[in-house]
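So the structure is just underneath, and the comments pick up after that.
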Amino acid sequence: MRQYDNLALDNCIKCSICVTNCPVTRVTDKFAGPKQNGPDLERFRLEEPAAVHPSIGYCSNCKNCDVACPSGVSIATMNSKAKGEFVARHGAPLRDQLLARVGLMGRVCHLAPALVNWGGRVKLFRWLGEKLFGVSKDMTLPQYAGKTFYQLMRQQKFAPGRRKVVYFPGCYVTYNTPEVGLAVVEVLAKQGVQVLVEEFNCCGLPLIANGLLADARQAARGNVQQLQKYADQGYRIITSCPSCNLTLRREYHELFDLDTDSLNDHIMDVFEYLNELARQGELVEPLNPLDLRVGYHQPCHLKAAGCGVPSKEIMDRIPGLQVLGLDAGCCGLSGSYGFKAEKYPISMEIGSNVFRAVEQMGVKQVITECGMCQLQIHHGTGVAVYHPIQLLALAYGTAK
């Protein structure tokens, strides 16, 4: 591991392009920047692990530094390890401990989702949440669905398909937007693909982003063990959340040194999979025209995954649909980052470019693959925001 770290450091040419592409340093001086917290201090940390700058807590883990680096240095991984070292030495506040355990919160909130959703809209409770826990009273809280994705799937009946895939829905689809997961299953069923559904651990990204690396490593090991048995049988593993996809494909290896080489060949974004079917001439064309003009926001973690915009080619096949790229950078929410009271203003300042682009284009609807981007863009603009798979399901006539 130390040899790998030294090689990564040697590749850093100190050009500082990671700093110029960091959305956090663009709007605040509370974060010392990806280069200083990453390669610069990593040289000291190799000898003295305690050499962590406290401003590492302001890194949003958007990974724009990795995307910008011309030398392929995994700056975000260095920063995540540094945050983990800081939290291991100084601890994490209760708020961060709770926000990081998205799966646990989902299971608890689903005991009474209507009550939780109501409480999240009451100003007094929101004010108390900020005073007692440091959760911003101004940020829109996610709404919990009446039934989880898994509960809804048990009520569905799909015919056996010619092909089978495994679906990793992620926590936000499971507890908050199960309609996205159903759209994935329905669109794939239209292609003659049967979706196998099994419950998994949270991918672990919220734990990683909050510096709780030991817990994230445990979740990662469980997921790798569970998914590997499907990969060994030749199944494709489908995701619809860019952050889950990136974590499974990259973070498990880079952060935890897990052997995921054979697993990674089987993990695909749902639109990557649909494009593969299209190249094989097996994609059933969408039937219904959609007379819509929508804005498209590319999530940072989709950029970091390096798979381009796989939804674009499929969206272009829908007659009548006009998709306009917002091309305005990070939305600013970055998972739990924008829910924290001291980081909410930073989050909104970062996202202002996206909000302005939506307003200038005059679109009333936006599509984006990331659930947190969906929440932030709706919070900042008021427009309806969907996952692209929901529009595709509409075009196939399978949306419910």
(message) If the elastic network links every pair of Cα atoms under 10 Å, which of Leu141, Leu132, Leu227 fluctuates the most in the Gaussian network model of the chain?
(response) Leu132
(message) Taking amide H atoms as placed 1.01 Å from N in the peptide plane, list the residues 5 or more away in sequence, or in a different chain, whose amide H sits under 5 Å from that of Tyr167.
(response) Leu196, Glu198, Ile238
(message) Within segment 1-149, count lysine pairs with alpha carbon atoms under 16 angstrom apart where the residues are 8 or more positions apart or belong to different chains.
(response) 9
(message) Over segment 321-400, with the other protein chains present, what is the accessible area per residue in square angstrom, probe 1.4 angstrom?
(response) 35 Å²
(message) Of the candidates Gly234, Gly33, Gly335, which one comes out as most mobile in a Gaussian network treatment of the chain with C-alpha springs shorter than 10 Å?
(response) Gly234
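Students often check this: by mean Cβ neighbours within 10 Å, which of 202-215, 50-63 ranks highest, and how do the rest follow? Walk me through the numbers on the way to the answer.
Details: 202-215: 24.1, 50-63: 21.0.
Listed from highest to lowest mean packing, they are 202-215, 50-63.
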(request) Collect residues whose amide H, placed 1.01 Å from N in the peptide plane, falls under 5 Å from the amide H of Tyr296; neighbours closer than 5 in sequence don't count. (result) Leu324, Gly325, Leu326, Ile367
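Hey, got the dipole for the chain? About the Cα centre, +1 on K and R Cβ, -1 on D and E Cβ, debye to the nearest 20?
Working: 42 positive and 37 negative charges, 217 e Å.
My answer is approximately 1040 debye.
At a 1.4 Å probe radius, carbon and sulfur cover how many percent of the accessible area of segment 236-286? Don't skip to the end; give the middle numbers.
Values: 740 of 1730 Å².
With neighbouring chains kept in place, the figure for segment 236-286 is 43 percent.
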(message) Given points 7 Å out from each Cα along the Cα-Cβ axis, report the Arg26 to Met361 separation in nanometres with one decimal.
(response) 1.6 nm
(request) Return one number: the angle in degrees, 0 to 90 and rounded to the nearest 10, between the long axis of the Cα atoms of helix 344-361 and the longest principal axis of the Cα atoms of the chain. (result) 40 degrees
(request) For Ile267, list long-range residues whose amide hydrogen, built 1.01 Å from N in the peptide plane, is under 5 Å from its own amide hydrogen. (result) Ile237
(request) Take the alpha carbon gyration tensor of segment 1-154, find the square roots of its eigenvalues, order them as a ≥ b ≥ c, and report rounded if a/c is under 1.5; if not, report prolate when a/b exceeds b/c, else oblate. (result) prolate
(message) Through the Karplus equation 6.51 cos²θ - 1.76 cosθ + 1.60, θ set to phi - 60°, convert the phi angles of segment 299-311 into ³J(HN,Hα) values in whole Hz; use x for Gly and Pro.
(response) x, 4, 6, 6, 4, 5, 5, x, 10, x, 10, x, 6
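So, by mean Cβ neighbours within 10 angstrom, what's the order for 279-292, 248-261, 67-80, 315-328 with the highest one leading? If you can, show how the numbers build up before the last one.
Working: 279-292: 12.6, 248-261: 18.9, 67-80: 21.1, 315-328: 15.9.
In decreasing order of mean packing, 279-292, 248-261, 67-80, 315-328 become 67-80, 248-261, 315-328, 279-292.
If contacts are Cα pairs under 8 angstrom and at least 6 residues apart, what is the relative contact order of segment 169-231 in percent?
Numbers: 35 pairs, mean separation 14.3, N = 63.
Averaging sequence separation for qualifying contacts and normalising by length gives 23 percent for segment 169-231.
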(message) Tell me the carbon and sulfur percent of the accessible area for segment 80-155, rounded to whole percent, probe radius 1.4 Å.
(response) 65 percent
(message) Between helix 2-11 and the chain, what is the angle of the helix's C-alpha long axis to the longest principal axis, kept within 0 to 90° and rounded to the nearest 10?
(response) 90 degrees
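Among 149-160, 102-113, 357-368, how do they line up by average Cβ neighbours within 10 Å per residue, starting with the highest? Please report the intermediate quantities before stating the final value.
Numbers: 149-160: 12.6, 102-113: 16.4, 357-368: 18.1.
Top of the packing list down: 357-368, 102-113, 149-160.
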(request) Indicate the gyration tensor shape class of segment 231-356 (rounded, prolate or oblate), computed on the Cα atoms with a ≥ b ≥ c the square roots of the eigenvalues: a/c under 1.5 is rounded; otherwise a/b larger than b/c is prolate and the rest oblate. (result) oblate
(message) Among Val116, Asn264, Gly84, which residue has its Cα furthest toward the positive end of the charge dipole of the chain, with +1 on Lys/Arg Cβ and -1 on Asp/Glu Cβ?
(response) Val116
(request) Kindly express, to the nearest 10 degrees and within the range 0 to 90, the angle between helix 178-190's C-alpha long axis and the longest C-alpha principal axis of the chain. (result) 50 degrees
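Relative contact order for the chain: what is it in percent, counting Cα pairs under 8 Å that are at least 6 residues apart?
Values: 672 pairs, mean separation 62.4, N = 400.
Relative contact order of the chain: 16 percent.
In Å², what does the accessible area per residue of segment 261-311 work out to with a 1.4 Å probe?
Working: 2110 Å² over 51 residues.
Each residue of segment 261-311 exposes 41 Å² on average to a 1.4 Å probe.
Can you give me the accessible area per residue for segment 88-245, using a 1.4 Å probe, in Å²? Let's see the in-between values first.
Working: 7610 Å² over 158 residues.
That works out to 48 Å² per residue.
The values are calculated or read from the model by the stated rules, or taken from the named source; none is laboratory data. In this text, all values refer to a predicted model and were calculated from it rather than measured experimentally. When we count neighbours, we look across all protein chains shown, and the Cβ atoms used for this are built from the backbone with ideal geometry, even at glycine. These area figures cover heavy atoms from the full protein model, side chains too; ligands, DNA and RNA do not enter into them. Shrake-Rupley method; radii C 1.70, N 1.55, O 1.52, S 1.80 Å.
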